[in-house]
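Chemist: Handing you this structure, nothing more for now.
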Amino acid sequence: MKGNILVINPGSTSTKIAYYEDGQQKFETNLSHSAEEISRFESVMHQGCMRRDAIVDFLTVNGVTLDSVDLIMARGGLITPIQTGVYEVTEDMRSALIEGRNGVHACNLSALIADDLAAEINRMRAEKGMEGVCKAYIADAPTSDDMLPELKISGHPAFERRPAFHTLNSRAMVRRYARNVGKTSKDVTVIVAHMGGGTSVSLHKGGCVIDVNDALGGDGPMSPERAGSVPAFPLVEMCFSGKYTKAEVKKMLVGKGGAVAHLGTNDFREVAARAQAGEPAFVEFLKAFCISVAKYIGAVATVVGGKVDAIILTGGIAYGKTITMPIKEMVEFIAPVEVYPGENEMESLAENGYGILAGEFEIKYYHR
């Protein structure tokens with residue numbers, strides 16, 4: 001693999017970056033932004049210049065000249081739902097991210113920063129008479145949508161099912177599995193359960209994600225901080241009780257749900273350790289979590305008549321065997337279970353970048 005790739009992945013209080021030369025990671029770091037720095041800005045969308053400067057300063061200190069970067073991969077932001085795949089950053093995409101049409105999050109800055117850096121790199125290269133044009137891309141945005149139309153239908157037209165999931169890592173793990181068995185992602189049918197801050201269970205067939213839950217919107221299994229699907233009538237009663245604001249109810253579903261609500265912690269290492277120590281509340285919750293993931297895996301398997309090549313357990317929680325083993329025991333009657341722990345976002349973005357340089361991926365374009 002030839003070429004130098006910079007990977008950018010902003011979070012709420014930090015910016016992850018990684019640098020690759022000819023397929024080898026030279027470094028990966030997390031640039032922290034202090035509360036004092038962040039407080040100077042009206043919103044996260046005003047932090048672009050600050051974060052961009054921090055990236056350039058770090059590269060310079062570590063001996064990377066900006067004009068040596070051939071391609072920049074950025075984490076996809078919250079844009080209008082698009083098909084999975086790689087997209088070149090365009091003015092239409094920039095406008096959508098700046099306006100926050102599908103929500104505002106630090107990840108919206110990623111493509112903007114990448115595109116600004118690419119423009120600066122091209123200016124520097126032109127001045128030096130260097131060949132090659134640097135471009136910025138995103139891959140597998142979290143709002144990617146390949147769902148079959150019939151799978152978007154819920155029991156009422158006012159509540160259409162929509163996807164919001166760990167697209168980047170889930171698709172990368174399918175490619176990893178396919179390579180391991182001598183196939184491509186288009187040749188396999190795989191269910192991926194990504195277990196992290198949120199939990200998504202996605203069904204991959206023919207290179208597309210044909211079914212998945214809304215891991216950010218109260219649909220699917222529970223997680224450390226999210227309630228997942230909950231009984232509808234008690235939720236309705238709560239909303240009209242006058243005891244809670246709209247924001248408070250939403251926080252119960254996303255942010256203060258799951259393990260946080262039941263056990264007061266979002267650290268699944270603590271949950272697993274205290275369950276192993278025999279604390280009843282932790283034992284019961286861990287069983288409930290594993291069952292909720294296994295039930296959803298079983299549910300999406302029915303979409304393809306149970307004809308599944310593999311089930312992949314991934315995400316940060318997949319490091320814990322006290323969690324992966326019970327899930328495996330419940331679902332391995334459907335298909336063999338593979339465990340690929342970790343978030344793998346930076347490696348996944350780099351993999352997509354080298355696929356672009358090698359001409360292996362179709363470049364797509366976002367339109368307003």
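The values are calculated or read from the model by the stated rules, or taken from the named source; none is laboratory data. No experiment lies behind these values; they were computed from the predicted model shown. Every residue, glycine as well, gets a Cβ built from its backbone with ideal geometry; the counts of neighbours run over all protein chains shown. Ligands, DNA and RNA are stripped out before the accessible areas are found, and what is left, the full protein with its side chains, is counted by its heavy atoms. Shrake-Rupley method; radii C 1.70, N 1.55, O 1.52, S 1.80 Å.
Chemist: Any chance you could count how many residues in the stretch 267-298 are open to solvent by less than 50 Å² (accessible area, probe 1.4 Å), closer than 24 Å to Pro149 by Cα, in contact (Cβ under 8 Å) with a residue 60 or more places away in the chain and not β-branched (Val, Ile, Thr)?
Modeler: The number of residues fulfilling the criteria is 1.
Chemist: Run down Gly298, Gly355 and say which single residue is part of a helix (DSSP H, G or I), touching a Phe, Trp or Tyr at 6+ places or on another chain (Cβ under 6 Å) and not polar (S, T, N, Q).
Modeler: None of the others qualify; the one that does is Gly355.
Chemist: Follow-up. If you take the residues in the stretch 39-57 that are open to solvent by 50 Å² or more (accessible area, probe 1.4 Å) and not in a loop (DSSP other than H, G, I, E, B), which one is farthest from Arg101 (Cα to Cα)?
Modeler: The residue in question is Asp57.
Chemist: Hey, another quick one. Select from the stretch 221-244 the residues that are of a type in the set (Ser, Thr, Tyr) and under 27 Å from the mean Cα position of the chain (by Cα) and write down the one among them that is surrounded by the most Cβ atoms within 10 Å (Cβ to Cβ).
Modeler: The extreme case among them is Ser223.
Chemist: Let me ask another. Between residues in the stretch 220-245 that are without any contact (Cβ under 8 Å) to a residue 40 or more places away in the chain and residues that are basic (Lys, Arg), which pairs lie under 8 Å by C-beta distance while being six or more apart or on different chains?
Modeler: Within 8 Å, the pairs are Cys239/Lys246.
Chemist: Okay, moving on. Give the number of residues within the stretch 18-38 that are outside any helix (DSSP H, G or I), open to solvent by 60 Å² or more (accessible area, probe 1.4 Å) and of a type in the set (Gly, Ala, Ser).
Modeler: Here the count works out to 1.
Chemist: Taking the stated definitions as given, is Phe268 touching a Phe, Trp or Tyr at 6+ places or on another chain (Cβ under 9 Å) and either more than 30 Å from Gly85 (Cα to Cα) or of a type in the set (Lys, Arg) (or both)?
Modeler: yes
Chemist: In the stretch 107-124, is there at least one residue being open to solvent by 10 Å² or more (accessible area, probe 1.4 Å), polar (S, T, N, Q) and under 19 Å from Gly3 (Cβ atoms)?
Modeler: Yes: one or more hits.
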